[in-house]
Amino acid sequence: MKIGVLTGGGDCPGLNAVIRAVVKGATLRYGWEILGIEGGFSGLRVPPHVRVLTPQSVRGILPMGGTILGTTSGNHMITKNRSAEGEDHNPSDEVVEQVKLLGLSGLIAIGGDGTLRVGQYLFERGVPVIGVPKTIDNDIYETDSTFGFHTAVNTATEALDKLHTTAESHRRVIVVEVMGRYAGWIALEAGLAGGADVILIPEIPFQMDVVCKKIMDRYQKGAGFSIVVVAEGAIPVGGEMSVLKRSEDGYVLRLGGMGHKVGQEIADRTQVDVRVTVLGHVQRGGSPVPFDRNLATRFGTAACDLVAAGEFGKMVCLKGGRIESVSLKEATRGLKLIPPDSEEVRSAETLGISFGR
Ligand code: F6P
């Protein structure tokens, strides 16, 4: 039997750990042949970009960031009709065809929301897809955690620890913009772990006067500095996300700028010395922390077990410490957002952290 594995969407610490677990699991436990699909679903268009993976070819990749298979963002594009030489053309037809031509009995797609949606779309068209949830944003439904998230939180927390020293020494406000498009999990968890004073997340629209009052209160009480963590997707009350680029159909391609907007407002309203740091893709890089390596490994072997059981159209997931599975349809019905009155948010507010509300 032959199966394929691909990585789609943004890279993320732990992708290589999943690839390694899939290859070793499929080879050592089941004796299958594995084809690595290069560049996400696009690697299954004509001509296909694939290569055979063996336990030897994945040796040493467990601690490596990125993905040895390469990846492409915008996988949703393959589900769209495009005009080629005057004719309507659906690129996913090529993918469906290539899966048959290559003789794949299973296709393990490792990716975030977009990749998993494409997986569900292809599954409905007869492709034997199994999904593995990845994203540093931790916003996939039906799984307690995605791999990559803990590494990103670690990176952001280390940055906050380092920025604290400058903030305190210079009596400054330091605004730190972290990733988090629609869900503020990195901002919340790194903010808590890094002792932030203000955390702004997409799920709780913020008011600048509340943020500035918190900062001035701290100065008046003698704490002459503040750390403000801003998720890139944070939204002011009555305002909008800070979008850098949209596609023609309105899909948000790139966010950015909210950290600088918040920093400028604080400077204008309080006259305090403000600096802004945007962590950006630093959060997506580096070696996965042990939690992410192990979650990725368990997801990879569980994905092989689902292929062996013929349970296609499913996604592996973590529930209460156990690896389980759920239908891709269920997993892609929305995003896992932070409930504004969750225990974690309330705990932060008890400590005096402001969410700007
Ligand atoms: O989805 C993960 C993510 O890190 C988002 O938080 C961020 O908006 C996006 O990727 C950035 O993607 P790109 O690498 O395409 O700019």
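Of the residues screened, residue 227 is one that is open to solvent by less than 40 Å² (accessible area, probe 1.4 Å) and part of a strand (DSSP E or B). Only a single item in (1) within 30 Å of residue 123 (Cα to Cα); (2) part of a loop (DSSP other than H, G, I, E, B) is not met by residue 300, and it is number (2).
Looking across 114, 126, 184, one residue alone is among the small types (Gly, Ala, Ser) and either within 30 Å of residue 352 (Cβ to Cβ) or touching a strand residue (DSSP E or B) at 6+ places or on another chain (Cβ under 6 Å) (or both). It is 184.
Residue-level analysis places residue 180 outside the set of residues that are modelled with pLDDT under 95 and touching a Gly at 6+ places or on another chain (Cβ under 7 Å).
Okay, residues lined up against (1) free of Cβ contacts under 8 Å to residues at least 60 places away in the same chain; (2) in contact with a His (Cβ under 7 Å, 6 or more places away or on another chain); (3) away from the ligand (no atom under 15 Å from the Cβ):
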residue: 12; (1), (2), (3): no, no, no
residue: 21; (1), (2), (3): no, no, yes
residue: 27; (1), (2), (3): yes, no, yes
residue: 30; (1), (2), (3): no, no, yes
residue: 33; (1), (2), (3): yes, no, yes
residue: 38; (1), (2), (3): yes, yes, yes
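When only residues in segment 200-217 that are under 21 Å from residue 139 (Cα atoms) and away from the ligand (no atom under 16 Å from the Cβ) count, which is most open to solvent (accessible area, probe 1.4 Å)? Within segment 200-217, the match that is most open to solvent (accessible area, probe 1.4 Å) is 205. Between 247, 226, the distinction of being more than 30 Å from residue 62 (Cα to Cα), under 29 Å from the mean Cα position of the chain (by Cα) and more than 16 Å from the ligand (Cβ to nearest atom) belongs to 226 only. Considering segment 100-122, the residues that are open to solvent by 10 Å² or more (accessible area, probe 1.4 Å) and under 16 Å from residue 45 (Cβ atoms) include one that is nearest to the chain's Cα centre (by Cα), namely 121. When the criteria are applied in full, residue 130 meets the requirement of being crowded, with 24+ Cβ neighbours inside 10 Å, over 11 Å from the mean Cα position of the chain (by Cα) and not aromatic (Phe, Trp, Tyr). Taken over segment 338-351, the criterion of being touching a helix residue (DSSP H, G or I) at 6+ places or on another chain (Cβ under 9 Å) and touching a residue at least 24 places away in the same chain (Cβ under 8 Å) is satisfied by 338, 339, 344, 345, 347, 348. The set of residues in segment 250-286 being in a strand (DSSP E or B) and either more than 10 Å from the ligand (Cβ to nearest atom) or surrounded by 17 or more Cβ atoms within 10 Å (Cβ to Cβ) (or both) consists of 255, 274, 275, 276, 277, 278.
The values are calculated or read from the model by the stated rules, or taken from the named source; none is laboratory data. Just so we're clear, the structure is a prediction, and the values are computed from it rather than from any experiment. When we count neighbours, we look across all protein chains shown, and the Cβ atoms used for this are built from the backbone with ideal geometry, even at glycine. The area values use the complete protein model at the heavy-atom level, side chains included, leaving out ligands, DNA and RNA. Shrake-Rupley method; radii C 1.70, N 1.55, O 1.52, S 1.80 Å.
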